[in-house]
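Here is the structure we will look at, set down as structure tokens.
The values are calculated or read from the model by the stated rules, or taken from the named source; none is laboratory data. These numbers come from a predicted model, not from an experiment. For neighbour counting, all protein chains shown are included, and Cβ atoms are generated from backbone atoms with ideal geometry for every residue, glycine included.
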Amino acid sequence: MEIIKTQDGSALTISLIGRLDTTTSPQLEKELSASLSGITDLVFDFEQLDYISSAGLRVLLSTQKLMNRQGSMVIKNTNDTIDEVFEITGFVDILTIE
């Protein structure tokens, strides 16, 4: 998985390319813990994300909890496969997905 970060002041966009799974979720977790201090607007761009596993969902959930305290988090450009995972798991009710 490739992580591309674009920061503009207190706004951060993270674009993910590839698969967010058991193997790659620690990489995202590490990147987030180093990047979210002072961030009030977090956007995940999933346009090039092919797959998300339960490990990836766990990272998103913990990030959402953090961002609820310091700002907002939005997920954009999801594909049908990821939309289905969010729907089945109930994450559509927890996350802001555009």
When residues of the stretch 14-41 are limited to those that are surrounded by 18 or more Cβ atoms within 10 Å (Cβ to Cβ) and of a type in the set (Val, Ile, Thr), the one farthest from THR81 (Cα to Cα): ILE39
Members of the stretch 4-23 found to be part of a loop (DSSP other than H, G, I, E, B) and under 19 Å from ARG69 (Cα atoms), listed by number: GLY9, SER10
Only one of LEU57, LEU36 that is modelled with pLDDT of 95 or more and touching a strand residue (DSSP E or B) at 6+ places or on another chain (Cβ under 8 Å): LEU36
Residue match in the stretch 89-97 (condition: surrounded by 15 or more Cβ atoms within 10 Å (Cβ to Cβ) and not β-branched (Val, Ile, Thr)): yes
